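Working notes, beginning with the structure itself.
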Amino acid sequence: MRKAVKSPPLIRQLVEKAIYLRQLTPEIENGISHELTRLGYISDVDYEALELLMDEMDAGRIRLVPQ
C-alpha cells in the first residue's frame, strides 16, 4: 500500500515561486487571490507564507511586476 505524498498548500507554492523568481507576477498574484477566494479562509501555513512574501517585498528583495 502506497501512501500519498501531500503537497504543500497552493498559496505556499505560489509564494515559493515568487520568492524563487524574486518577483510577484500578475499570474502569481491572481493565483493567490483566487485560492483565497476559493477556500474562504487562510490557514496558518498560508498566512505565514504570505507574511514572508510581504516582508520580502518590503525589504525590496521581491519586486511587483505590473500588469
Q: Quick one: which residues, 5 or more positions from residue 23 or on another chain, have an amide H under 5 Å from its amide H? H modelled 1.01 Å from N in the peptide plane, none for Pro or chain starts.
A: 63
**Q.** Overall Cα dimensions of the chain - principal axes, largest extent first, Å
**A.** 46, 23, 21
Q. By how many nm would the segment from residue 21 to residue 51 lengthen if fully extended, with 0.36 nm per residue of separation less the alpha-carbon distance?
A. 9.1 nm
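Calculate the dipole size of the range 10-64 relative to its Cα centre from +1 charges on Lys and Arg beta carbons and -1 charges on Asp and Glu beta carbons; express the result in debye to the nearest 20. Don't skip to the end; give the middle numbers.
Working: 6 positive and 11 negative charges, 51 e Å.
Computed charge dipole of the range 10-64: roughly 240 debye.
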Q.
I want to verify a result. In a Gaussian network model of the chain, Cα cutoff 10 Å, which of these has the top mean-square fluctuation: 52, 39, 14?
A. 39
**Q.** Separation of the residue 67 and residue 42 label points, Cα + 7 Å toward Cβ, nm
**A.** 2.0 nm
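Rule-based calculations on the coordinates, nothing more; no lab input. These numbers were taken from a predicted model, which means no experiment stands behind them. Backbone-built Cβ (ideal geometry, glycine too); neighbour counts: all protein chains shown.
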